[in-house]
1. Which angle from 0 to 90°, rounded to the nearest 10, does the C-alpha axis of helix 230-240 make with the longest principal axis of the chain?
2. Could you check what % of the DSSP bridge pairs in segment 113-241 are antiparallel, to the nearest 5?
3. Is there a quick way to get the dipole size of the chain? I mean about its Cα centre, with the Cβ of Lys and Arg at +1 and of Asp and Glu at -1; what is the value in debye to the nearest 20?
4. Which number gives the lysine pairs in segment 88-152 that have C-alpha atoms under 16 Å apart and are eight or more places apart or on different chains?
5. How big is the C-alpha Rg of segment 88-152 next to the rule-of-thumb value 2.2 N^0.38 Å, as a ratio?
6. Return the calculated 222 nm mean residue ellipticity for the chain, to the nearest 500 deg cm²/dmol, obtained by summing -39500 (n - 2.57) across DSSP H runs with n ≥ 4 and dividing by the residue count.
7. Which residues' amide hydrogens lie under 5 Å from the amide hydrogen of I213, considering only partners 5 or more residues apart or on another chain, with H built in the peptide plane?
8. Can you give the extra length, in nm with one decimal, that the chain gains between K232 and K13 once fully stretched, where that is 0.36 nm per residue apart less the Cα-Cα distance?
Amino acid sequence: MIRIQNLSKSYGKNKIKALDGINLEVKKGEIFGFLGPNGAGKTTTIKLITGILKMDEGNIFVNGMSIKDNPIEVKKQIGFVPDNPEIFNRLTGIEYLNFIADVYEMGKEERKTNILKLSKEFEIEDVLGESIGSYSHGMKQKLVLIGALMHKPPLWILDEPMVGLDPKAAFTLKNMMREHADKGNTVFFSTHVLEVAEKICDRIAIIKGGKIITVGTVEELKNKKHEESLEKLFLELIENE
Ligand SMILES: Nc1ncnc2c1ncn2[C@@H]1O[C@H](COP(=O)(O)OP(=O)(O)OP(=O)(O)O)[C@@H](O)[C@H]1O
């Protein structure tokens, strides 16, 4: 579903390398966790897959299409939730969702059905008429999730999606991620919450200093290093690799 080849990205005049030639393959049907310490390059990778940033070198293919050659087609495949849900505060929730639905050219019935279903699941159907500026962080996060998922994209890319969600909403989202992957779709998400990654990911990658230091199932990686938990494995790899 996602193929990343020799991807590099530097920022600023000093050309600080945020990503240094990473390679990664994420398959259909998997929940893939992208882990790493602060500043490792997770958000940069996500911004390159979603076409928000331009890569310096390498290429990214989504469903066989290069993001360089088919940026619009690739974006149609993706539902993206950024790490910060700061969105149009002056719009109401429903105005925001209708705007997103327009961008994705969704029909009247389709948008109505999908918005109703998702807003009920995340329990914000009663506040969609109110301005986003009045929402809590968690409510904004739920609204962004609904906006990203309502056009039913096969590939979900979620940057720290659990931050700000209460336990019930986080549980709902985790179940939705599993269901989505089980239907043959793909979920790629970054997180610092290792317990969540350990529980729900089919495979993980750990990135540090712009380089992927390991990829595999949680069990494979734990066995390789004889560690009992993902937390211990993560700390060992971050210290020593
Ligand atoms: N706009 C920018 N200008 C300059 N440097 C940047 C910019 N954005 C990111 N960086 C640098 O690129 C590197 C990778 O950052 P990135 O945000 O991708 O990390 P991350 O793994 O998502 O971190 P976190 O867990 O803290 O969100 C860091 O050294 C960061 O300081």
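1. That helix lies at roughly 50 degrees to the long axis.
2. Numbers: 5 of 10 bridges.
So the antiparallel bridges in segment 113-241 amount to around 50 percent.
3. 600
4. Here the count comes out as 9.
5. 0.99
6. Only helices count here, giving -11500 deg cm²/dmol.
7. Hits under the 5 Å cutoff: I206, I207, K208.
8. Details: separation 219, 0.36 × 219 = 78.84 nm, distance 3.71 nm.
Going from the current span to full extension adds 75.1 nm.
All of the numbers you see were taken from the coordinates with simple rules; none came from a lab. The structure displayed is predicted, hence computed values, not measured ones. Please note: Cβ atoms are built from the backbone with ideal geometry, for glycine as well, and neighbour counts cover all protein chains shown.
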